[in-house]
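> Please read through the structure below; I'll follow up with questions.
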Amino acid sequence: MVWTAGNGGSGTLASHLAIGLTLNTRRSGGRPFRASCLGADAAMLSAAANDFGAENALRVIFECNARSGDVLCVFSVSGESVNVNNAIVAATEIGVPVIALVGSHESTAARLADHPIVLGSLEPGIAEDLASAIMHAMYCTFMYEDQTNPPAEFANAS
């Protein structure tokens with residue numbers, strides 16, 4: 001299972017990655033992943049925030065659902081979002097590897113993650129655009145993996 005997480009625009013990218021790994025990959029004929037965004041279920045997120053505090057909401061949802069063999073992919077421009085970093089800590093404690101797309105290598109999320117992908121900008125618009133390109137590359141890699149020929153719309157691209 002691929003778990004994704006982020007806040008605001010980064011949360012949107014996290015949700016988009018989960019969709020790309022599942023529905024878009026299946027639609028294109030690839031082998032879909034099991035993937036879910038920790039913040040996508042508003043009722044669960046609000047219940048976790050109410051019961052355990054906003055800073056622990058993603059962590060608690062992750063701890064309740066993650067298993068050995070899973071992966072956590074987080075998006076955080078600043079790399080300092082406490083709720084995202086607490087989910088990273090939970091993943092580490094469970095033994096789940098973490099990929100973090102972050103603005104700076106000096107951020108807490110970059111230091112906590114097993115595989116930081118540093119975007120090189122703390123400007124949200126720039127960092128999120130870069131993260132979007134990487135996120136699309138991540139799931140597009142799997143969309144056509146079982147096909148000998150690329151889709152027709154790519155065949156004539158120059």
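Any read-out appearing in this document is the output of simple, stated calculations on the displayed coordinates, not a laboratory observation. Remember, it's a predicted structure, so these values are computed and weren't measured experimentally. With ideal geometry, Cβ positions are generated from the backbone for all residues, glycine too; neighbour counts draw on all protein chains shown.
> What is the local net charge at residue 85, summed over the other residues whose Cβ is closer than 12 Å to its Cβ (Lys, Arg +1; Asp, Glu -1)?
On the way: positive: 59, 111; negative: 55, 80.
Around residue 85, the surrounding residues sum to 0.
> Need one word for the range 45-104: rounded, prolate or oblate. Basis is the Cα gyration tensor (sqrt eigenvalues a ≥ b ≥ c); a/c below 1.5 gives rounded, then a/b vs b/c decides.
Values: a/c = 2.33, a/b = 1.10, b/c = 2.13.
Because a/c hits 1.5 or more and a/b fails to exceed b/c, the range 45-104 counts as oblate.
> Name the shape class, rounded, prolate or oblate, that the alpha-carbon gyration tensor gives for the range 79-138, where a ≥ b ≥ c are the square roots of its eigenvalues, rounded holds for a/c under 1.5, and otherwise prolate holds if a/b is larger than b/c and oblate otherwise.
Prolate, since a/c reaches 1.5 and a/b exceeds b/c.
> For the range 125-134, just list the computed ³J(HN,Hα) in residue order, Karplus coefficients 6.51, -1.76 and 1.60, θ = phi - 60°, integers in Hz, with x standing in for Gly and Pro.
Using θ = phi - 60°, the values come out as x, 5, 4, 5, 5, 5, 4, 4, 5, 5 Hz.
> Continuing with the same structure: Would you mind checking which residues have amide H under 5 Å from residue 81's amide H? H placed 1.01 Å from N; only 5 or more apart, or other chain.
When sequence neighbours closer than 5 places are left aside, there are no close amide H contacts.
> Skipping prolines and chain starts, which residues have an amide H placed within reach, meaning under 5 Å, of the one on residue 35, given they are 5 or more residues away or on another chain?
2
> Counting only helical runs of four or more DSSP H residues, what would the 222 nm mean residue ellipticity of the chain come to if each run contributes -39,500 (n - 2.57) and the total is spread over all its residues?
Details: 7 runs with 74 residues, N = 158.
Taken over the chain, the calculation gives -14000 deg cm²/dmol.
> What does DSSP give for the range 2-149 in terms of the percent of beta bridges that are antiparallel, rounded to the nearest 5? Please list the in-between numbers first.
Numbers: 0 of 16 bridges.
Here the share of antiparallel DSSP bridges comes out near 0 percent.
> Pull up all non-local amide H partners of residue 117: gap of 5 or more, or a different chain, and H-to-H distance under 5 Å with H placed in the peptide plane.
HN-HN under 5 Å from residue 117: 100, 101, 102.
> Also: How large is ³J(HN,Hα), in whole Hz, for each residue of the range 113-124 in order, when computed from phi with the Karplus curve 6.51 cos²θ - 1.76 cosθ + 1.60 and θ = phi - 60°, using x for Gly and Pro?
Rounded to whole hertz, the list is 6, 6, 9, x, 10, 8, 7, x, 8, 9, 6, x.
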